[in-house]
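Below is one structure, written out as structure tokens; comments come after it.
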Amino acid sequence: MRSFIRNFVPIMRSVISRYRKAALSLLFLTALYLFWWLRVPFLLSYHEQYQLFLFTADYLCQALRIPGGMAAWMGEMVGQFFYVEWLGALLLAVLLWLLHVLTARVLHSGKWFLLSFIPPVLVVWMMADESVLLAYPVAMAGALGCHLLTKKWHWLTDLAVVPLLYWLIGPMVWLYVALQVVGSGWKRLFAVVPAAAAQWAAYSFFLPEWQLYSVLTGWVYYRIPLQVNPMMWIVPLVVLALTLLSRLKHKPWLVACEGAVDVALICLAWSAFSNEKMLLIEQDWLVRNEQWDKVIDRAEEHQVKDPFSAQCVNLALAKKRLLADRMFDFYQSGREALIMPRTRDLTSMLPSAEAFWHLGMVNSAQRYMFDTQESILNAKKSGRCTKRIAECMIVNGHYKPAAKQLGLLKHSLFYRQWAKEAETYLGKEDKINAHPVWGKMRKLRYKNDFLYNYDEIDKMFGQLFIGNTDNKMALDYMLAQMLLNGNVPAFSQYLAWAQQYGGYRSMPLVYQDVVNCIRQNGQVQGSPYLNYLQRLRSNP
């Protein structure tokens with residue numbers, strides 16, 4: 001037995017030493033997958049809803065017309081799989097893991113293996129900025145892979161490789177040039193010439209309408225034009241620094257330092273996703289998937305004091321018929337806490353558009369979704385918005401424009417089947433009326449035309465309710481909007497509607513509180529509604 005142990009221990013040490021790197025690499029891949037799938041799946045949904053990847057030659061040609069277009073196209077191709085969160089998380093994890101593998105090959109010194117985890121961890125940290133696009137890690141992987149492929153080629157080949165690579169991955173080509181110089185000698189410094197010439201030609205001949213800043217930094221990496229996350233500059237410099245560091249003599253005690261740096265960066269990357277912006281993105285994700293109970297549960301734990309959050313929570317309460325009981329248990333931002341006025345950005349109006357849809361205000365839902373899609377700053381379509389716009393058009397009987405929207409969706413992967421099914425409803429009134437959602441929307445929507453006026457939206461809710469007294473959500477929103485406006489006399493006038501049509505067994509708690517405040521001339525201590533009114537009047 002002792003002899004067996006004496007022989008077994010060295011064998012195990014040899015096996016562990018041999019497969020340690022593979023085990024750490026596999027562990028890293030697993031951790032990445034679990035992080036994206038379980039920790040921040042809503043961020044994947046956020047990226048997916050602001051693009052619509054189409055399997056058409058024209059879509060590919062449009063991408064290839066600009067520097068970095070191939071990286072953007074490949075990033076969007078991966079991003080479309082975020083529609084299925086576990087699958088999207090797996091593909092993103094593989095992409096980031098590939099950065100680790102390529103970096104390890106670039107370092108080509110097994111003793112510095114732990115340093116290869118730093119670049120992908122930094123990219124994860126950077127992706128806590130929701131405007132960073134997948135084109136960035138794709139472009140970085142392209143630069144690293146191309147360097148490994150061509151580092152032993154003759155330096156004159158860079159005359160052809162560098163301009164082509166610039167057009168495929170964008171300004172990340174400078175990482176390739178720097179790695180060529182560091183890894184293959186100073187003769188490769190000549191690669192600077194075709195890189196600079198390619199950018200100059202792109203700016204002067206192909207993209208004269210672009211600003212020079214966009215050509216130099218690559219707007220395909222970031223959703224907001226003329227802006228850039230500083231980490232986008234730092235990560236390539238870190239890769240270059242690690243490459244230089246790997247040329248130094250390694251000492252055993254440095255392993256602990258490498259591990260400590262990895263752990264510290266992982267902790268920083270993890271904490272970067274713990275902020276109120278992520279909570280708002282998660283709320284929108286829950287609203288999109290109609291997980292009303294979870295919206296309320298998250299708000300009970302912590303609610304961001306923002307109109308966006310108030311809209312999401314109020315919509316969830318209304319869908320659960322809890323708005324009249326628990327409305328002022330949560331933060332109310334003011335008059336816009338139910339519906340946001342039209343704002344040209346890509347996020348603010350989404351919960352309002354969803355509320356309009358569930359209320360039956362189909363035209364307003366379509367308008368808000370259209371404005372949201374047109375506000376995407378990198379000029380992409382939105383699968384989520386396009387789908388809702390098509391639904392609104394079908395409900396309203398606008399079949400030709402609906403067919404155009406469905407035609408786009410039919411060229412996508414995950415919206416294709418839905419679009420083909422929706423296409424069978426076009427022009428078939430009886431079939432639409434029998435649809436569980438579209439038929440209901442036709443019964444709830446307005447029967448008469450009138451001009452939209454946000455300042456009188458409580459009256460618009462009232463008109464919606466008068467058109468169909470079974471629309472209890474419209475009744476709840478009408479009375480809630482009167483309370484948010486501080487219009488207590490109007491609320492008192494229409495409170496009888498809640499008693500007659502609301503279907504409540506007893507007066508809801510919010511209404512009881514307001515009636516009690518009226519009877520006691522506002523002399524009620526601890527009244528949630530009085531606390532709201534005081535805040536409203538102090539911030540008109």
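Go through the range 241-257 and give me each residue that's open to solvent by less than 70 Å² (accessible area, probe 1.4 Å) and either at pLDDT 95 or above or over 25 Å from residue 181 (Cβ atoms) (or both).
Filtering the range 241-257 for residues open to solvent by less than 70 Å² (accessible area, probe 1.4 Å) gives 241-243, 245-246, 250, 254-255, 257.
Passing the criteria: 254, 255, 257.
Looking across 451, 426, 408, one residue alone is open to solvent by 50 Å² or more (accessible area, probe 1.4 Å), modelled with pLDDT of 95 or more, farther than 30 Å from residue 503 by Cβ and among the hydrophobic types (A, V, I, L, M, F, W, C). It is 408.
The helices (runs of 4 or more DSSP H) found wholly in the range 237-353 and carrying at least 2 residues that are farther than 26 Å from residue 224 by Cα occupy 254-272, 292-301, 307-319, 323-326. Between 350, 408, the distinction of being farther than 22 Å from residue 457 by Cβ, touching a residue at least 24 places away in the same chain (Cβ under 8 Å) and not hydroxyl-bearing (Ser, Thr, Tyr) belongs to 408 only. Remark: pairs (first residue in the range 220-247, free of Cβ contacts under 8 Å to residues at least 40 places away in the same chain; second residue open to solvent by 60 Å² or more (accessible area, probe 1.4 Å) and of a type outside the set (Asp, Glu); Cβ separation under 7 Å; 6+ apart in sequence or on different chains) = 226/211; 226/213.
Selection of helices (runs of 4 or more DSSP H) fully inside the range 408-466 by the criterion of at least 1 residues being closer than 23 Å to residue 480 by Cα returns 438-444.
Listed here are the residues, each with its yes/no results for (1) open to solvent by 80 Å² or more (accessible area, probe 1.4 Å); (2) at pLDDT below 95.
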site	(1), (2)
433	no, no
439	no, no
455	yes, yes
473	no, no
489	yes, yes
516	no, yes
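Does the range 277-286 include one or more residues that are within 27 Å of residue 223 (Cα to Cα) and more than 17 Å from the chain's Cα centre (by Cα)? No, the range 277-286 has no match at all.
Residues in the range 458-471 that are touching a residue at least 60 places away in the same chain (Cβ under 8 Å) and either in contact with a Phe, Trp or Tyr (Cβ under 9 Å, 6 or more places away or on another chain) or open to solvent by 50 Å² or more (accessible area, probe 1.4 Å) (or both): how many?
Within the range 458-471, the subset touching a residue at least 60 places away in the same chain (Cβ under 8 Å) is 460-461, 464, 468, 471.
When the remaining residues are screened for being either in contact with a Phe, Trp or Tyr (Cβ under 9 Å, 6 or more places away or on another chain) or open to solvent by 50 Å² or more (accessible area, probe 1.4 Å) (or both), the result is 460-461, 464, 471.
Matching residues across the range 458-471 total 4.
Flag: residue 483 does not match the condition of being part of a helix (DSSP H, G or I), open to solvent by less than 20 Å² (accessible area, probe 1.4 Å) and under 26 Å from residue 442 (Cα atoms).
Looking only at residues of the range 144-164 that are assigned to a helix (DSSP H, G or I) and in contact with a Ser or Thr (Cβ under 8 Å, 6 or more places away or on another chain), we find that the one that is most open to solvent (accessible area, probe 1.4 Å) is 155.
Being under 18 Å from residue 288 (Cβ atoms), without any contact (Cβ under 8 Å) to a residue 60 or more places away in the chain, open to solvent by less than 30 Å² (accessible area, probe 1.4 Å) and not aliphatic (A, V, I, L, M), is that true of even one residue in the range 389-404? Can you show your working first?
Within the range 389-404, the subset under 18 Å from residue 288 (Cβ atoms) is 389-392.
With the extra rule that they be without any contact (Cβ under 8 Å) to a residue 60 or more places away in the chain, the set shrinks to 389-392.
Checking which are open to solvent by less than 30 Å² (accessible area, probe 1.4 Å) leaves us with 389-392.
Still in the running and not aliphatic (A, V, I, L, M): 391-392.
Looking through the range 389-404, at least one residue is under 18 Å from residue 288 (Cβ atoms), without any contact (Cβ under 8 Å) to a residue 60 or more places away in the chain, open to solvent by less than 30 Å² (accessible area, probe 1.4 Å) and not aliphatic (A, V, I, L, M).
On the basis of being among the hydroxyl-bearing types (Ser, Thr, Tyr), touching a His at 6+ places or on another chain (Cβ under 9 Å) and open to solvent by 30 Å² or more (accessible area, probe 1.4 Å), does residue 83 make the cut? Taking the combined requirement at face value, the residue does not satisfy it.
Residue count for the range 383-405 satisfying the condition of being over 15 Å from residue 418 (Cα atoms) and among the polar types (S, T, N, Q): 1. Of the numbered criteria (1) closer than 29 Å to residue 124 by Cα; (2) at pLDDT below 75, the one residue 222 fails is (2). I'd like to verify a number: residues in the range 518-540 that are open to solvent by less than 70 Å² (accessible area, probe 1.4 Å), part of a loop (DSSP other than H, G, I, E, B) and touching a residue at least 60 places away in the same chain (Cβ under 8 Å), how many? Residues in the range 518-540 being open to solvent by less than 70 Å² (accessible area, probe 1.4 Å), part of a loop (DSSP other than H, G, I, E, B) and touching a residue at least 60 places away in the same chain (Cβ under 8 Å): 0 in total.
Only residues that are farther than 25 Å from residue 122 by Cα and open to solvent by 60 Å² or more (accessible area, probe 1.4 Å) were counted across the range 260-293, and they come to 3.
Looking at the range 498-510, is at least one residue closer than 19 Å to residue 335 by Cβ and open to solvent by less than 60 Å² (accessible area, probe 1.4 Å)?
In the first step, residues of the range 498-510 are kept if they are closer than 19 Å to residue 335 by Cβ; the result is 510.
Narrowing the set further to residues that are open to solvent by less than 60 Å² (accessible area, probe 1.4 Å) leaves 510.
Checked against the condition, which is being closer than 19 Å to residue 335 by Cβ and open to solvent by less than 60 Å² (accessible area, probe 1.4 Å), the range 498-510 yields at least one hit.
Scanning the range 104-129 for residues that are open to solvent by 30 Å² or more (accessible area, probe 1.4 Å) and either under 16 Å from residue 93 (Cβ atoms) or within 19 Å of the chain's Cα centre (by Cα) (or both) turns up just one, 125.
The values are calculated or read from the model by the stated rules, or taken from the named source; none is laboratory data. What you are looking at is a predicted structure, and each value in this text was computed from that prediction instead of being measured. Here Cβ is always computed from backbone atoms with ideal geometry, including for glycine, and neighbour counts include all displayed protein chains. What goes into the accessible areas is simple: the full protein's heavy atoms, side chains included, and nothing from ligands, DNA or RNA. Shrake-Rupley method; radii C 1.70, N 1.55, O 1.52, S 1.80 Å.
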